1. Test of understanding: among ASP194, ASP206, ASP263, which residue is touching a Gly at 6+ places or on another chain (Cβ under 7 Å) and under 26 Å from VAL78 (Cβ atoms)?
2. From LEU237, LEU214, LEU192, LEU178, which residue is assigned by TED's automatic domain parsing to the domain that holds LEU138, buried (at least 21 other Cβ atoms within 10 Å of the Cβ) and over 24 Å from ARG83 (Cβ atoms)?
3. Is one or more of the residues making up the stretch 128-148 surrounded by fewer than 16 Cβ atoms within 10 Å (Cβ to Cβ) and closer than 22 Å to ASN52 by Cβ?
4. Could you say which residue among ALA196, ALA229, ALA225, ALA249 is touching a residue at least 12 places away in the same chain (Cβ under 8 Å) and more than 25 Å from GLY281 (Cβ to Cβ)?
5. Mind checking which residues of the stretch 96-115 are over 19 Å from the mean Cα position of the chain (by Cα) and not in a strand (DSSP E or B)?
6. Of all the residues that make up the stretch 149-175, how many are surrounded by fewer than 18 Cβ atoms within 10 Å (Cβ to Cβ) and within 17 Å of the chain's Cα centre (by Cα)?
7. Any residue in the stretch 272-283 that is on the phi < 0 side of the Ramachandran plot sitting within a Cβ distance under 8 Å of a residue that is loosely packed, with under 13 Cβ neighbours inside 10 Å and in a helix (DSSP H, G or I)? List the pairs, counting only those 6 or more apart or interchain.
8. Kindly provide the set of residues from the stretch 247-283 that are among the β-branched types (Val, Ile, Thr) and within 18 Å of ARG220 (Cα to Cα), ordered by number.
Amino acid sequence: MPSASGLTSGTLDTVTTTRIHWADLPDSAHQAVTARLGMPVLAAETVSAGFNSEIAAKLTTTEGAVFVKGMQLSHPRVWTQRREAEINPYVEGIAPALLWHLELGGWSLVAFKYVEARHADYKQDGDLELMVDALSRLGRTPCPPIELRRAEQRWATYVDDPGMLARLAGNSLSHTDLNNENVLIQGDQALLVDWAWATRGAPWIDPALWVIWLIATGDRSPTEAEAWAARLPAWRLSDPTVVDAFAHAQARMWADIAGDDPDPWTASLNQAAQQWARHRGSR
């Protein structure tokens, strides 16, 4: 797998990729997608949410719509496209269904069933209830037999105690990027998208990372955020001492990402991580 800053440091890569429009793709890509769809694209609407994709578009045809995201094959994070295509069959019912994956004309394109939905609002208890259900289902999903980053590798830079670092290991599947924009609310269910950072590790990792997002984007106190995490069986079975160490590792990581002059998004995550670490330290 090609190296990316998110892999070598254990962080999510927070560098925004410049978004281009569907019409800007080469004709060869348009022709291949039309052939794969079996019909012409009647309209293409650029989707603004998300950080990583160069192309993210809703394509409308006579038989409905599909969501296509893509990167140039020369992009250093093009491996994320392949990861999403590989993992999708194993997260059926938790993520929108993959339709196809094409690599041609210098581009990697993945298409998903289009979902009429909205992004989760972590300030709304109803959305959190649906998220608890989605994460519970994910917790019961076997980790697929594909190459995944391991938790003890991702966060090795930020955990000094080898014994604690070893406790991050496991054979559970975690999404690890629980930004509310990666959660789609469709009726009475939550679907998780953007699986590029899926990780093999201890089962409580996703609930722990969700705490930081609830503080940052849900205006929840650490106590309130942990109360939501505690609804997940994996959290209730975790060792509080190891979670303490993980919280401090996240604080170190986000401080490293933020640096001296963070953008507002990164600053909010850093502040949330520091707040959670202080809370765990005062237990």
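The values are calculated or read from the model by the stated rules, or taken from the named source; none is laboratory data. Note that this is a predicted model, so its numbers are computed, not measured. Note that each Cβ is placed from the backbone with ideal geometry, even for glycine, and that neighbours are counted across all protein chains shown.
1. On the way: ASP206 fails: touching a Gly at 6+ places or on another chain (Cβ under 7 Å); ASP263 fails: touching a Gly at 6+ places or on another chain (Cβ under 7 Å).
Answer to the check: ASP194.
2. Values: LEU237 fails: buried (at least 21 other Cβ atoms within 10 Å of the Cβ); LEU192 fails: over 24 Å from ARG83 (Cβ atoms); LEU178 fails: over 24 Å from ARG83 (Cβ atoms).
Among LEU237, LEU214, LEU192, LEU178, only LEU214 is assigned by TED's automatic domain parsing to the domain that holds LEU138, buried (at least 21 other Cβ atoms within 10 Å of the Cβ) and over 24 Å from ARG83 (Cβ atoms).
3. So far as the stretch 128-148 goes, yes, one or more of its residues are surrounded by fewer than 16 Cβ atoms within 10 Å (Cβ to Cβ) and closer than 22 Å to ASN52 by Cβ.
4. ALA196
5. GLY105, GLY106
6. Count: 1.
7. HIS279/THR223; ARG283/PRO240
8. The one that is among the β-branched types (Val, Ile, Thr) and within 18 Å of ARG220 (Cα to Cα): THR266.
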